[in-house]
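Have a look at the structure below, then the notes.
No lab work stands behind these numbers, since they all come straight from the coordinates. Nothing here was measured: the structure is a model prediction, and the numbers come from that model. Counting neighbours? That spans all protein chains shown, and the Cβs are built from the backbone with ideal geometry, glycine included.
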Amino acid sequence: MTMIRVAAHSDAGELASLSGQLGYPADAATILRRLEGVASHHAGVVLVAVDPHGGLGGFAHVEPRRPLIAEPFAELAALVVFETARRQRVGSALLAAAEAWARERGYASVHVRSNVIRERAHRFYLREGYIEKKRQAVFVKRF
């Protein structure tokens, strides 16, 4: 059975590997800095799935959103499962824990953004009871 817990500093190396599998390469030091930023800025929680041997199977980052134009909601900023742990309900366990975190804080919904090319992820979210609401373009301006 998969155990879910809050990510620890000691998870940074495995979190970096998972981030790379999701398409966002980063080293352990960068992930550690970001993990500390999530905590210090109250930017949600990073949850990890731990296998019976103590290794990580995946992680989820869920964060609060309070836009002026909509009721507050929680957003799943990332969810990734190690390739070797897929099809073992690790993603479902992480998603359920993220949803529980959101409910415990009074949020009525969880939103997920997923790249249009991630068709497998789309099927996963549909199986988990999510509906596709819209598609959009993302614009970025770097400073």
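Data for the structure
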item	result
Segment 6-95: trypsin sites (Lys or Arg not before Pro) in DSSP coil with no more than 12 other Cβ atoms inside 10 Å	Arg87
Max mean-square fluctuation residue, GNM over the chain, Cα-Cα springs under 10 Å, options His111, His53, His61	His53
Spacing of the two label points (7 Å from each Cα toward its C-beta) at Arg89 and Ser40, in nm	3.9 nm
Formal net charge of residues neighbouring Arg86 (Cβ-Cβ distance under 14 Å; K, R +1; D, E -1)	+4
Packing-based exposure ordering (other Cβ within 10 Å, fewest first) of Tyr24, Tyr130	Tyr24, Tyr130
Long-range amide H partners of Glu75 with built H, under 5 Å	Glu63, Arg65, His111
Under the Karplus curve 6.51 cos²θ - 1.76 cosθ + 1.60, θ = phi - 60°, whole-Hz ³J(HN,Hα) for segment 121-131, x wherever Gly or Pro sits	5, 4, 4, 4, 5, 4, 4, 7, x, 7, 10
Computed [θ] at 222 nm, deg cm²/dmol, the chain (DSSP H ≥ 4; -39,500 (n - 2.57); rounded to nearest 500)	-10500 deg cm²/dmol
Residue exposure sequence - Thr30, Thr2 - by fewest surrounding Cβ within 10 Å	Thr30, Thr2
Order of Leu15, Leu56, Leu94, Leu126 - criterion: other Cβ atoms within 10 Å of each residue's Cβ, fewest first	Leu126, Leu56, Leu94, Leu15
Loop-located trypsin sites (Lys or Arg not before Pro) in segment 91-139 whose Cβ has at most 15 other Cβ within 10 Å (DSSP)	Arg105, Arg113, Arg118, Lys133, Lys134, Arg135
Between segment 1-18 and segment 93-137, the alpha-carbon center distance in angstrom	20 Å
Fraction of the pair-distance distribution of the chain above 26 Å, Cα-Cα pairs, percent	23 percent
Relative contact order (%) - the chain, alpha-carbon pairs under 8 angstrom, separation at least six	19 percent
